[in-house]
Amino acid sequence: MKRKIITINEEKCNGCGNCVIGCPEGALRIIDGKARLVNELYCDGLGACMGECPQGAISIEERDAEPYDESKVMHNIVQQGPDGIAAHLSHLHSHNEVTLLQEAIAFLRKNKIPVPEYGVRTASAGYNAHQHVCPGSRAVELAVNDRVISTNTGGSLASSLRHWPVQLRLINPSASYLRNADLLIAADCVPCAFADFHRRFLSGKILLMFCPKLDPTIDEYVERLTEIFALMNIASITMTHMEVPCCFGVERIVREALRRSEKNIPVSDYTLSIRGEIIHEG
């Protein structure tokens, strides 16, 4: 069957093993100094391992693969003890995989294995004791209306951020919040220069940020955006970048990803001056 599953670029992989630790399902192993997908049955295609890879060697593709089997995964997971079980349940919970989560819990109860605490950060609560993936890369959807930030002048500013993380390198291309989304793709200097960034650009959109000059993973960004555009039914794209020449790389990367994805998505493009003014809109 065709489904989403991870793929590993062996040339980029340095065998650090971070992805193995970041995969609660046990689908990955280090073999001959490289990360390998050792069992397709264990890979759910959600990409928890992607945020753990410092080389950007892991991506998600849609191809023919053996169906993911939650029951067989749980047979493997329970051998890791309560912490491993909690990590897996948290992983499913954070990706809104309700059916798989229910299957996992049903397996535990059927086999009289205690269901450990699990969960993710909410807008009003901290990370619980069983948050096993780095908070910096775990996908979290935020409740926008609950987050009004007071200022030292007595006023308030409403944050329009709807999800975490925002850096493109940490984004899971299969994250549920990307589906049918209006995307804001921003060079990471723009919010520093443009004071009204949240209200003018971010409100109602999903934010993806990167630096087209300093980030070393531009090819990966093209691949990741191509996957998002191709698979997530994106409604629109808004690009924001600075007036300096290197920042126009945002547009080149987005246009190349659109070409590869063969999608016709409406695009708006804004250029900002270093003084915080919109100097071009197209």
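The values are calculated or read from the model by the stated rules, or taken from the named source; none is laboratory data. Since the model is a prediction, treat every value here as computed from it, not as a measurement. Cβ placement follows ideal geometry from the backbone for every residue including glycine, while neighbour counts extend to all protein chains displayed.
Could you check how many residues of region 1-39 are in a strand (DSSP E or B) and of a type in the set (Gly, Ala, Ser)? So the count comes out to 1. The one condition from (1) free of Cβ contacts under 8 Å to residues at least 40 places away in the same chain; (2) at positive phi; (3) among the small types (Gly, Ala, Ser) that residue 261 does not meet is (2). For region 21-39, a tally of residues being surrounded by 17 or more Cβ atoms within 10 Å (Cβ to Cβ), of a type in the set (A, V, I, L, M) and either at pLDDT below 85 or touching a helix residue (DSSP H, G or I) at 6+ places or on another chain (Cβ under 8 Å) (or both) returns 3. When 236, 273, 203 are checked against the criterion of being surrounded by fewer than 22 Cβ atoms within 10 Å (Cβ to Cβ), modelled with pLDDT of 95 or more and more than 29 Å from residue 7 (Cα to Cα), 273 stands alone in meeting it. In region 40-47 there is no residue matching the filter, namely being in a helix (DSSP H, G or I), of a type in the set (Asp, Glu), out of contact with any strand residue (DSSP E or B) (no Cβ under 8 Å at 6 or more places or on another chain) and surrounded by 14 or more Cβ atoms within 10 Å (Cβ to Cβ).
When residue 241 is tested against (1) closer than 27 Å to residue 5 by Cβ; (2) crowded, with 16+ Cβ neighbours inside 10 Å; (3) not aliphatic (A, V, I, L, M), exactly one condition is not met: (1). Find the residue count for region 206-229, including only residues that are at pLDDT below 90, within 17 Å of residue 176 (Cα to Cα) and either touching a helix residue (DSSP H, G or I) at 6+ places or on another chain (Cβ under 7 Å) or not assigned by TED's automatic domain parsing to the domain that holds residue 174 (or both). Here the count works out to 1.
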